[in-house]
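Taken together, the values in this text are just the output of simple stated rules run on the coordinates, not laboratory data. Quick caveat: nothing in here was measured; it's all calculated off a predicted structure. Positions of Cβ are backbone-derived with ideal geometry, glycine not excepted, and every protein chain shown enters the neighbour counts.
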Amino acid sequence: MENINEKLSCLVVDDEQPAQWVITSYISETANLELAACASDAVEALEIMKTRAIDLLFLDINLPGLNGLEMLDTLEFQPMVIFTTAYAAYAAESFEYNVVDYLVKPVTKQHFERAVARAFEKARLREVIENADTRYPTASIELNLGGSTEVIETENIVYLQSYGNYVKVFLENRMILATSTTHQLLSQLPQKSFLRIHKSFIVNRKYIKAYSNNSVLAGKEKLPIGISYRQSVVTALNHKKEAGS
């Protein structure tokens, strides 16, 4: 989506046909939403996302095979996500993924409209951030350190590592332990500059000195590439190499 005046392209992922029908009917009745496709499982959804630009993902969590949370773990950059599920117990865990909203089935039109309003608000914020990234390449990020905060320039981050309920933020000369998750921080970083290579690692592209199918050399550290991330990571790095040659 190039600007917030365009329609949000939506993908509905749910293995229950009636639940798909409810969400797709709401989408068809909502201005500035456009149904791109529907999928019955995560594998099908991931295949669709390889060829279609998706702005908003309506995602069931309890899917056959790869569940909704595991599906998000495989994405280099996730679109906006609204979870739709019959299980309220997933709510706390789902918000670690920086989702727009969490809808419990059966989804009412009122709750759907509230969630979509939040998505449009987030889309506007993303546009502001993307424009800022273009004008100010050294964007900054505020890290929560527990009892205090610290603002650092994102260009100085070499990589980030998930560490339980914390994230280790590695700069060239020191490490900062931030109270956050990698999903939360990834949504605040310039997307063109950072690459998720593993469930636990996010790397600043400019510090990648070498790579193979299994690892990248970020600064002085050799970091693993997760199996589920391998194809997207190698493709992205090959593209960068070709563009720079």
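The calculated 222 nm mean residue ellipticity attributable to helices in the chain amounts to -10000 deg cm²/dmol, summing -39500 (n - 2.57) over DSSP H runs of n ≥ 4 and dividing by all residues. Among beta bridges from DSSP that stay inside the chain, the antiparallel ones total about 60%.
Which GluC sites (Glu not before Pro) in region 134-205 pass both tests, a DSSP loop state and at most 12 other beta-carbon atoms within 10 Å? Passing both the DSSP loop test and the Cβ count: Glu172.
Counting only residues at least eight positions apart within a chain, or on another chain, the lysines with an alpha carbon under 23 Å from that of Lys199 are Lys50, Lys168, Lys209, Lys220, Lys222, Lys240.
Axis of helix 230-244 versus longest Cα principal axis of the chain: the two differ by about 60°, to the nearest ten degrees.
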